[in-house]
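The values are calculated or read from the model by the stated rules, or taken from the named source; none is laboratory data. Fair warning: this is a prediction, and the values are worked out from it, not measured in the lab. Positions of Cβ are generated from backbone atoms using ideal geometry, with glycine treated the same way; all protein chains shown enter the neighbour counts.
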Amino acid sequence: MKRLIIEIQKGGLGDHLFYSHLPRIAKQTGCYDEVYISNRSIFRNTDYRKLIWEMNPFVDGFTNEPGIFFYPDHVASNLNLLDKMMLLYGMDDGKRFHEPEIYYKPPVNTSLKESSVYDPNYVSYIGDLRNSKPIENWLFENKVTISHQMKTLKASHLTIACSDRIETPSLMEFCSVIISCKRLYCLTSGTATLAAALQKPATVFFGSGQETMYHHSPMHNYIDLGSNYNLPHKLKKQIKLWLNTFIRIGTP
């Protein structure tokens with residue numbers, strides 16, 4: 001009996017979704033008979049465990065055993081990040097440009113069917129953007145009006161001038177907002193990766209300096225807004241990137 005144990009050592013929503021296709025591929029290709037998620041994995045939010053792994057029919061359960069963790073430094077242009085993950089784990093279903101996978105079907109909120117929703121929140125580095133001015137300029141130049149903005153969280157955020165805020169107490173309710181709105185705008189964060197898993201195209205903003213491997217979904221429109229960093233922000237960025245190399249982010 002061949003068992004695969006996956007241990008995700010980065011705690012973000014997008015981080016977990018980068019591995020979400022692996023249990024299905026592991027079983028459908030015959031590489032593994034059983035797939036488990038290690039309890040040593042990091043979950044920044046307990047909803048990630050429920051939405052991505054507990055609801056995944058190809059996951060056999062959780063284990064206290066250590067697992068395998070791979071994370072690439074770069075991805076070739078003929079692959080996306082999820083393809084690279086698959087290959088690092090020794091599997092190949094012959095397909096390329098995989099999308100993340102979840103098996104939850106959120107209910108549709110009909111009150112949002114004509115809305116344009118913007119999520120200003122992010123945690124990991126999104127490129128050299130220190131404020132929302134480039135985003136507001138792009139929205140103005142492209143005649144886009146945001147009707148709803150997600151409530152800011154404890155993490156970093158680039159809010160715009162929009163007073164109508166949406167708060168979602170759970171990740172499942174956030175999924176409902178994503179699939180219900182007419183247009184979704186966000187940063188290169190877990191929101192963009194979750195939207196891809198929900199098969200919802202989004203306009204995704206990023207700044208100079210972000211690795212292109214994080215622009216992984218063919219269905220999204222990725223917008224490069226350049227940089228508005230000054231010298232102190234550049235120094236802070238270098239320190240943060242250095243620390244992220246050595247520190248496990250999240251709550252075990």
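Worth a mention:
- Residue list for the stretch 82-104, filter: part of a helix (DSSP H, G or I) and either more than 21 Å from residue 171 (Cβ to Cβ) or out of contact with any Phe, Trp or Tyr (no Cβ under 8 Å at 6 or more places or on another chain) (or both): 83, 84, 85, 86, 87, 88
- Residue identified as within 24 Å of residue 212 (Cβ to Cβ) and surrounded by fewer than 17 Cβ atoms within 10 Å (Cβ to Cβ) among 98, 74, 21, 16: 74
- Meets criteria (farther than 23 Å from residue 18 by Cα, touching a residue at least 60 places away in the same chain (Cβ under 8 Å) and touching an Asp or Glu at 6+ places or on another chain (Cβ under 9 Å)) for residue 133: no
- Number of the condition not met by residue 196 [criteria: (1) farther than 25 Å from residue 96 by Cα; (2) in a helix (DSSP H, G or I)]: (1)
- Annotation for the stretch 60-67: no member residue is modelled with pLDDT of 95 or more and within 20 Å of residue 192 (Cβ to Cβ).
- Flag for residue 48 being buried (at least 16 other Cβ atoms within 10 Å of the Cβ), in contact with a helix residue (DSSP H, G or I) (Cβ under 8 Å, 6 or more places away or on another chain) and within 27 Å of residue 218 (Cα to Cα): yes
- Condition met for residue 211 (charged (D, E, K, R) and closer than 20 Å to residue 75 by Cα): yes
- Answer from 73, 47 - the residue that is at pLDDT below 95, within 18 Å of residue 18 (Cβ to Cβ) and in the same structural domain as residue 7 (by TED's automatic domain parsing): 73
- Set side by side, the residues 84, 2, 27, 105 differ, and just one is in contact (Cβ under 8 Å) with a residue 40 or more places away in the chain, of a type in the set (Lys, Arg) and either buried (at least 18 other Cβ atoms within 10 Å of the Cβ) or farther than 23 Å from residue 214 by Cβ (or both), which is 84.
- Residue in the stretch 198-208 that is of a type in the set (S, T, N, Q), outside the structural domain of residue 49 (by TED's automatic domain parsing), surrounded by 19 or more Cβ atoms within 10 Å (Cβ to Cβ) and without any contact (Cβ under 8 Å) to a residue 60 or more places away in the chain present: yes
- Scanning the stretch 172-189 for residues that are within 17 Å of residue 106 (Cα to Cα) and either surrounded by 22 or more Cβ atoms within 10 Å (Cβ to Cβ) or touching a Leu at 6+ places or on another chain (Cβ under 8 Å) (or both) returns 172, 174, 175, 177, 178, 179, 180, 181, 182, 184.
- Within this structure, residue 67 fails the test of being outside the structural domain of residue 186 (by TED's automatic domain parsing) and free of Cβ contacts under 8 Å to residues at least 12 places away in the same chain.
- Enumeration of residues in the stretch 123-144 that are of a type in the set (S, T, N, Q) and either in a loop (DSSP other than H, G, I, E, B) or surrounded by 15 or more Cβ atoms within 10 Å (Cβ to Cβ) (or both): 124, 131, 132, 142
- Residues of the stretch 148-158 classified as touching a residue at least 12 places away in the same chain (Cβ under 8 Å), assigned to a loop (DSSP other than H, G, I, E, B) and surrounded by fewer than 17 Cβ atoms within 10 Å (Cβ to Cβ), total: 4
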